[in-house]
Amino acid sequence: ALSVLIAQFLLRGLQARKPLWLLPVLVVGTVGYGLFQLEWTEPSGEPLGITMVQGNIPQEMKWRRADRPKIIEQYWQATQPHWNSDLIVWPEVAIPGRSEDLQHILEPMAVKARSEKSDLLTGIIVSDWVKREYFNSMILLGEHEGVYHKRHLVLFGEYYPFRNYLDFLRDYIQIPMSDMTAGPKKQDLMSVDGIKLGVSICFEDVFSRDINLDLPAAHILVNTSNDAWFGDSLAPHQHLEIARMRSLETGRPMVRSTNTGQSAFIDYKGRIIKATEQFKAETLSLELQGRQGETPFLVFARWQPWLATLIIGVAFLAVFWRRRDPRYS
């Protein structure tokens, strides 16, 4: 609505411009800036030492079975200097394979993390061959254990709607692991040293409703992604901007670990603390302070569907009565 007001002001001629149209823009901008200065959440617990690993694995290499050992070894070697961190985060499906096939790799990794009194959070396909279910997941290995299954799957990329009618599309859409199961809406939060993690995978951080499912319980947000799909386009940069908005809305810091960038540490005001370069294997480490409490956005979100319905209804009635008024005929 504010954008429309500004556009109308700029597009109309000088004689037709109405300065009052800019009043809502100025009011919202001023009030918003003032509210930004307030502390809506507060620190919770001790800061966590966190390291994120950006592997920079090319998309054409990621799902080649012959390259899997090389990929895992690259992440593993990049992790070794950082066992002093409380939590080490690898990106979405950093381990490109099914959990049932990789227990001989996962178990030694968990043992190593426990011996170092640390935790490793990594992306993997969690599989159940008996039930024929496959989840795009993040698993926590080490001092603490946990799993998160992606709730919001990508249409045609991760699941097929109306499978009985559209199964033929599988021959045309060559995307590995494209028939997965969505995780349940309510999932137990992973926790490291008493700090609860609100985990999301890939484009889930685009949707406030998905992030809000873990709030206000979560102290730190974690988003992992593989933006290599988008190459050298605007999409990875836009995705980082979107992630920043989720931190600002919730008053929670975020760890964002991606395959090819941009990975970043984001503070609870949505500001970037540290970020990686794109298309570069890189690690970042930081002590991140968890937060607790509710922002006005989280409170408003509970009422958002009803308020949106009310606003649309009022707008509809306003247009209806305007058209019935003979002065506007």
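A few remarks follow.
- Residue that is modelled with the highest pLDDT, among those in the range 14-58 that are of a type in the set (G, A, S) and more than 30 Å from T224 (Cα to Cα): G34
- Cβ-Cβ contacts under 7 Å between residues 6 or more apart (or on different chains), taken from a first residue in the range 112-123 that is surrounded by fewer than 24 Cβ atoms within 10 Å (Cβ to Cβ) to a second residue that is among the aliphatic types (A, V, I, L, M), are listed as A113/L120; A113/L141; S118/I88.
- Test: residue in the range 24-38 that is of a type outside the set (V, I, T), open to solvent by 80 Å² or more (accessible area, probe 1.4 Å) and under 24 Å from the mean Cα position of the chain (by Cα): no
- Q54 being surrounded by 18 or more Cβ atoms within 10 Å (Cβ to Cβ), under 30 Å from N136 (Cβ atoms) and not aliphatic (A, V, I, L, M): yes
- Which listed residue is farther than 20 Å from I95 by Cβ, open to solvent by 10 Å² or more (accessible area, probe 1.4 Å) and either in contact (Cβ under 8 Å) with a residue 24 or more places away in the chain or not aliphatic (A, V, I, L, M) (or both), from L240, L215, L221: L215
- Residues of the range 174-187 include none that is surrounded by fewer than 16 Cβ atoms within 10 Å (Cβ to Cβ), closer than 21 Å to I266 by Cβ and modelled with pLDDT under 95.
- Any hit, the range 29-42, residues being touching a residue at least 40 places away in the same chain (Cβ under 8 Å), part of a loop (DSSP other than H, G, I, E, B) and either closer than 27 Å to L298 by Cβ or out of contact with any Pro (no Cβ under 9 Å at 6 or more places or on another chain) (or both): yes
- Top-ranked residue in the range 224-237 [being in a helix (DSSP H, G or I) and among the hydrophobic types (A, V, I, L, M, F, W, C); ranked as surrounded by the most Cβ atoms within 10 Å (Cβ to Cβ)]: A228
The values are calculated or read from the model by the stated rules, or taken from the named source; none is laboratory data. Keep in mind it's a predicted model, so treat the numbers as computed, not measured. Methodologically, a virtual Cβ is constructed for each residue, glycine included, from the backbone with ideal geometry; neighbour enumeration extends over all protein chains shown. The area values use the complete protein model at the heavy-atom level, side chains included, leaving out ligands, DNA and RNA. Shrake-Rupley method; radii C 1.70, N 1.55, O 1.52, S 1.80 Å.
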